[in-house]
Structure formats: structure tokens, C-alpha cells
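All remarks here apply to the structure that follows.
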Amino acid sequence: MPVDTTDSRPVCLTVKNVSFSYGADPVLEDISLDIRQEEFVGIAGPNGSGKTTLLKILVGLLSPAKGCVQFTCHMGECQGRSPCRPCIGYVPQQPVLRQQQFPVTVREVIEMGTYGQNGIFSRPGQKERDSVEKAIGEAGLNKIAGELFSDLSGGQQQRVLIARALVGNPHILALDEPTNGVDAKSKQEFYALLSHLHKTHRITILIILHDLTELSQMMERIVFLHHRVMYDGPARELGAKGLWDLMVQAGNQ
């Protein structure tokens with residue numbers, strides 16, 4: 001996507017002609033995007049369209065077969081050890097912690113977010129402990145910080161995973177279908193938290209959501225994928241009907 005000269009926000013993620021395959025099956029073909037600092041971007045598309053694969057490439061968990069991804073931090077307080085991957089927080093679709101009954105507390109799960117900076121065998125210092133407490137407060141988890149993660153509701157677990165991603169003070173937060181299995185009330189609370197993080201802390205948010213109506217209502221911009229980019233533009237111009245039309249078009253390809 002060419003740079004929008006009417007938008008003064010600097011580009012923080014540049015995707016250039018990215019392609020990716022699992023074996024002989026192409027998943028992404030010639031994807032080019034510019035993600036700007038402080039954008040709220042929704043990624044949509046049918047099942048198997050490459051959404052999760054693209055998000056993993058954006059956060060550095062997968063390497064493209066062709067093309068490249070460039071990350072540039074424009075935040076003056078950046079303290080990432082390796083400029084600047086620690087500045088990207090990632091909440092996967094089905095974290096292992098949600099699939100297993102590990103006997104860990106909410107605070108311990110959030111503390112895991114410091115491992116990317118200090119290493120898994122390093123004990124957190126006062127700075128890291130302060131960051132953990134700040135993330136707990138930011139996510140509204142003070143009352144349940146000592147409870148077992150496995151005892152929480154789906155909505156509460158997602159707030160914990162958001163807090164874990166926030167511990168490293170990320171400038172980009174990437175989430176893969178974070179509201180799956182969450183009730184309507186918890187969804188609204190979760191969206192309110194994301195809105196707060198975006199507006200108050202100027203965090204760039206990239207999110208995959210299954211509900212197309214939610215995407216069109218929440219997002220500033222939507223990228224619709226079906227192996228290639230079929231739409232990349234303002235959410236308000238596309239709307240829910242436009243999203244459904246794209247789903248139908250993708251299904252006919």
C-alpha cells in the first residue's frame with residue numbers, strides 16, 4: 001500500500017511484496033502494507049485466507065518466503081534490547097496457557113511478559129516488578145492478581161494475556177481473534193480496554209476478529225485478505241455490507 005501523504009503519522013511497519021507457503025500451498029501472495037504509528041487496524045478474511053500467518057510475520061514469529069518486513073520505532077522512550085522487536089506485544093489465538101491447567105497465578109502469568117527482555121531464567125528486578133503491577137492495574141486485574149489463571153473466565157483470561165503483552169511497554173499490540181469463546185459483556189469490556197490503550201497510550205493495534213460487524217464498527221482501517229489483499233482502506237467506507245460482499249467474492253474465487 002503506498003504511503004498516504006495526507007496522514008502525518010510515521011510508518012512503523014512496512015510490508016514489501018511478502019509471500020508465504022506451507023509446503024506447496026501458497027498462503028500469502030505479494031502482500032504490501034504500511035502500518036502507521038497509532039493506527040487501529042482490523043485484519044479480516046475467510047478461514048484459511050492467511051490472516052494468522054500474516055500477523056505472525058508482522059510480529060516476527062515467521063519469516064516470509066519472499067519479500068520483507070521492516071519495523072521502525074518512533075517512540076523516544078524505546079528501551080528494546082534489540083531494536084526493536086521487544087516493542088511488539090503479541091496475543092495469539094489459542095495460547096498454551098488457555099489450553100492447559102497450569103497452576104500459575106494471574107501475577108505469575110503477567111510476569112512472564114518480562115522474559116523477552118531479561119530471559120526466562122532471570123529473576124525480575126524492581127523495575128520489572130513495577131511494570132507487572134502497572135500492567136495489572138491497567139487491565140483492571142488488581143482484585144484477582146493472586147488467583148489461579150485456570151480458574152478465571154474466558155474474558156478475564158484475555159485481560160491477563162493483554163496485561164502480559166503490556167509488561168514490555170510495547171508500541172504495537174497484535175491480537176489474533178482475542179474474543180473467541182468470550183461472552184457479550186466480556187467482549188464489550190475487552191473492547192473498552194483496547195480503546196483505552198489505543199487512545200491513552202498511543203499504542204498501534206493490529207487485530208483479527210471473527211465478527212465482521214465488530215470489525216467495521218471498531219476499526220479505523222480494515223485490511224481484507226484472501227491470500228492477497230482484496231481491500232485496504234478506511235473501515236467507515238467499507239462498512240459491514242462491504243465486508244460481507246468481500247466474503248462472498250472470496251468464497252467464489
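Ignoring lysines fewer than eight residues from residue 16 along the same chain, the ones with Cα atoms less than 16 angstrom from its Cα are 56, 66.
Quick one: which of 127/185; 143/187; 143/185; 134/199 span more than 23 angstrom between C-alpha atoms? From 127/185; 143/187; 143/185; 134/199, over 23 Å: 127/185.
No value in this document is a laboratory result; all are computed from the given coordinates. Just so you know, these numbers come straight off a predicted model, no measurement behind them.
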